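The values are calculated or read from the model by the stated rules, or taken from the named source; none is laboratory data. The structure displayed is predicted, hence computed values, not measured ones. Cβ coordinates were reconstructed from backbone atoms using ideal geometry, including for glycine residues, and neighbour counts include every protein chain displayed.
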Amino acid sequence: MESLDETPGERVRLSKLMAGRGLCSRREADGLIERGWVFVDGERVSELGVRVSPQARVTLSPEARRLQGGRMTVVLHKPVSYVSGQPEPGYRPAVGLIRADTQFHGAGTRRFQPGMLKGLAPAGRLDIDSTGLLVLTQDGRIARQLIGGDGAVEKEYLVRVAGRLAENGLALLNHGLELDGRKLRPAQVEWINRDQLRFVLREGRKRQIRRMCELVGLRVTGLKRVRIGGVYLGDLPSGQWRFLGENESFV
């Protein structure tokens, strides 16, 4: 979540305050303000660029809450060779798997409609050669939870490796490595069998796990994300997706 560096006496843009509190993204905030759906200390605000006290009470109109409630979030089991974000030559974007014929049907699930794809985008990334849980959403609040950079949401991976682990390698994987000149946050890393590790991270540097393993003498041969916060991959088949459950939460 975006941090607010202003001191109590300074005023901050309303859209930044809303994003920092997790109400929506800054771009979404501007849209809600323009519609007159935002109230500051009980007063309607409809002018963009307005600055308010960092301690202001900000509320949304019923129309804004209904709009947010109708936004779709899905959980996809991404296979190898699909990219999370923009398509790359020779690879297909993961959003292309969100179709009626790939929906995993459980009791009481909604049915996919093509119009649901508008504005649907990945909240975070998963490498081309990695598999597992990928979240796609139309909801800026959820996107900020997962890619806001504050480390509030754990991500769990099962990682198959080959090679010879350095003598203090497991300790270094848990804490002590750095990438690109920056120290990594503490992680939880443990063996679960002779060639597989379990990683729990609170950050997501590019190809982080693979690079961490290389630093301690290991080579990743398979990587699968199985959990993001309180949402699990479970028995969702590879290449299929489902709607985020009403009782599921990432934080």
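Here is a yes/no grid of residues against (1) farther than 30 Å from SER25 by Cβ; (2) not hydrophobic (A, V, I, L, M, F, W, C):
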| residue | (1), (2) |
| --- | --- |
| ALA152 | no, no |
| ALA166 | yes, no |
| ARG185 | no, yes |
| ASN193 | yes, yes |
| ARG219 | yes, yes |
| GLY222 | yes, yes |
| ARG225 | no, yes |
| GLY230 | no, yes |
| SER238 | yes, yes |
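So, of the residues in the range 18-59 that are of a type in the set (Lys, Arg) and modelled with pLDDT under 90, which turns out to be surrounded by the fewest Cβ atoms within 10 Å (Cβ to Cβ)? Residue satisfying both the conditions and the ranking: ARG27. Comparison of GLY204, GLY239, GLY222, GLY245 shows that the only residue that is modelled with pLDDT of 95 or more and assigned to a loop (DSSP other than H, G, I, E, B) is GLY239.
Looking at the range 221-228, can you tell me whether even one residue there is out of contact with any strand residue (DSSP E or B) (no Cβ under 6 Å at 6 or more places or on another chain) and either free of Cβ contacts under 8 Å to residues at least 24 places away in the same chain or among the hydrophobic types (A, V, I, L, M, F, W, C) (or both)? It would help to see each step written out before you state the result.
First, pick out the residues of the range 221-228 that are out of contact with any strand residue (DSSP E or B) (no Cβ under 6 Å at 6 or more places or on another chain): none.
Checked the range 221-228: no residue is out of contact with any strand residue (DSSP E or B) (no Cβ under 6 Å at 6 or more places or on another chain) and either free of Cβ contacts under 8 Å to residues at least 24 places away in the same chain or among the hydrophobic types (A, V, I, L, M, F, W, C) (or both).
Quick test of your reading of the structure: MET212 fulfils all but one of (1) without any contact (Cβ under 8 Å) to a residue 60 or more places away in the chain; (2) buried (at least 19 other Cβ atoms within 10 Å of the Cβ); (3) in contact with a strand residue (DSSP E or B) (Cβ under 6 Å, 6 or more places away or on another chain). Name the failing condition by number. (3) is the only condition that MET212 fails.
Can you give me the number of residues within the range 101-124 that are small (Gly, Ala, Ser) and either at pLDDT 90 or above or in contact with a helix residue (DSSP H, G or I) (Cβ under 8 Å, 6 or more places away or on another chain) (or both)? If you could, list the steps in order and put the result at the bottom.
Kept after step one, since they are small (Gly, Ala, Ser), are these residues of the range 101-124: 106-108, 115, 119, 121, 123-124.
Filter once more, keeping what is either at pLDDT 90 or above or in contact with a helix residue (DSSP H, G or I) (Cβ under 8 Å, 6 or more places away or on another chain) (or both): 121, 123-124.
Going through the range 101-124 one residue at a time, the tally reaches 3.
Kindly list, by first and then second residue, each pair from a residue in the range 23-40 that is touching a residue at least 24 places away in the same chain (Cβ under 8 Å) and small (Gly, Ala, Ser) to a residue that is surrounded by fewer than 21 Cβ atoms within 10 Å (Cβ to Cβ) and assigned to a helix (DSSP H, G or I), limited to pairs with Cβ atoms under 7 Å and residues at least 6 apart or on different chains. Pairs that qualify, where the first residue is touching a residue at least 24 places away in the same chain (Cβ under 8 Å) and small (Gly, Ala, Ser) and the partner is surrounded by fewer than 21 Cβ atoms within 10 Å (Cβ to Cβ) and assigned to a helix (DSSP H, G or I): there are none.
Taking the stated definitions as given, is GLU203 touching a residue at least 40 places away in the same chain (Cβ under 8 Å) and out of contact with any strand residue (DSSP E or B) (no Cβ under 8 Å at 6 or more places or on another chain)? In short, yes.
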